[in-house]
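Worksheet for the structure shown next.
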Amino acid sequence: MINLLVLGLTGCTGSKNIQDLTYIVAIGLDYDETKDEYTAYVQGLNFANVAKQEGSRSTDPIPTFVGSAKGKTLNMAVSNLYRVSRPPLFFGHTKTLVLSGNLLQYKFKEVLEDVGRNRSLRPSLELFVTDVGMEDIFSTKGLFDYPPVYTVLLTEEKSEGIQNDIDSTSLMHFLREYYEPMGTAMIPKINIDRHSWHADEEIPSLYLDSYSVFQGETLKGEISADDSMTVDWLRNKKNTLDYALYDEGNILSTFKLSADKPKVKYDKTFRSFR
């Protein structure tokens, strides 16, 4: 049986100075079906990554630390990471769990059960899935060389009020929908944009571009980015959708569609939504 109880070991390390711990803010889990092997990734921030100086911010770039280790079980993979980590790892401030598409396909139920039972991981964890390399996701910083705590991977602010953005989900909310017989559970997919921002070189930026959808505890597929935003709007998320009106290929006008509580009426005669 897979277990992550080793994560809880850091909870009893006793009192330590803030600079004497490696703060793990994000965990990534991957699975290689050909080798039957797991890889555990962690994103570690030191105190300089988290703290703000009053009225100023250091202009020196602060590195982001990404650790990884492999094992036949997740427990073994994380244990292998503990052996080579000093200052010791601290999971008390972990905010995000990222699962690979491969793990979603082959080992999702087993891992989900163990994560759900693990007392070291908060049910308020933000949950994401990705098909991009986990190290690339964890290494991406915010704009202007801000640390990763300012990216969609770790930011606490919800996307309510942010136009045309896909919403995040917590582990607790996902599990509630996942185990509901008639429920539809969705995990946002995180990706990297490498084309929109430039300085002396391309500036990668994290964004959410679709949902992985589950029904009856089974992965059913994905909802595209455009459809995902529409789904969020229909689920009473306070958002606005930008639409363009065309006539024979020529744009006539644009408008914003917004409502706090949209209503959907189904016309049986014409079998269409309006």
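FYI, it's all coordinate maths here, none of it is from the lab. None of these values were measured; they are calculated from a predicted model. Using ideal geometry, Cβ is built from the backbone for each residue, glycine included, and neighbour counts are taken over all protein chains shown.
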Item to check | Cross-link pairs beyond the 25 Å C-alpha cut-off, checked among K95/K189; K141/K220; K35/K95; K35/K109; K109/K189; K70/K107 | outcome: K141/K220; K35/K95
Checklist entry - Check Y211: other-chain or 5+ apart residues with amide H under 5 Å from its amide H, H built from backbone geometry? => result K189, I223
Next on the checklist: Apply the Karplus curve 6.51 cos²θ - 1.76 cosθ + 1.60, θ = phi - 60°, to the phi angles in region 168-181 and return the couplings in whole Hz, x for Gly and Pro.
Outcome noted: 8, 9, 8, 4, 4, 5, 5, 4, 4, 6, 5, 8, 6, x
Checklist entry - Contour minus end-to-end for Q105 and T34, with contour as 0.36 nm per residue of separation and end-to-end as the Cα-Cα distance? => result 24.2 nm
Item to check | 5 angstrom amide H check on T73, placed H, neighbours 5+ away | outcome: Y38
Checklist outcome for this item: Scalar couplings 3J(HN,Hα) for region 100-108 by Karplus 6.51 cos²θ - 1.76 cosθ + 1.60 (θ = phi - 60°), nearest whole Hz, x for Gly and Pro, are 6, x, 5, 5, 4, 7, 10, 9, 5
Item to check | Sparse-neighbourhood loop sites, trypsin sites (Lys or Arg not before Pro) in region 60-128 - DSSP loop, at most 15 other Cβ within 10 angstrom | outcome: K72, R119
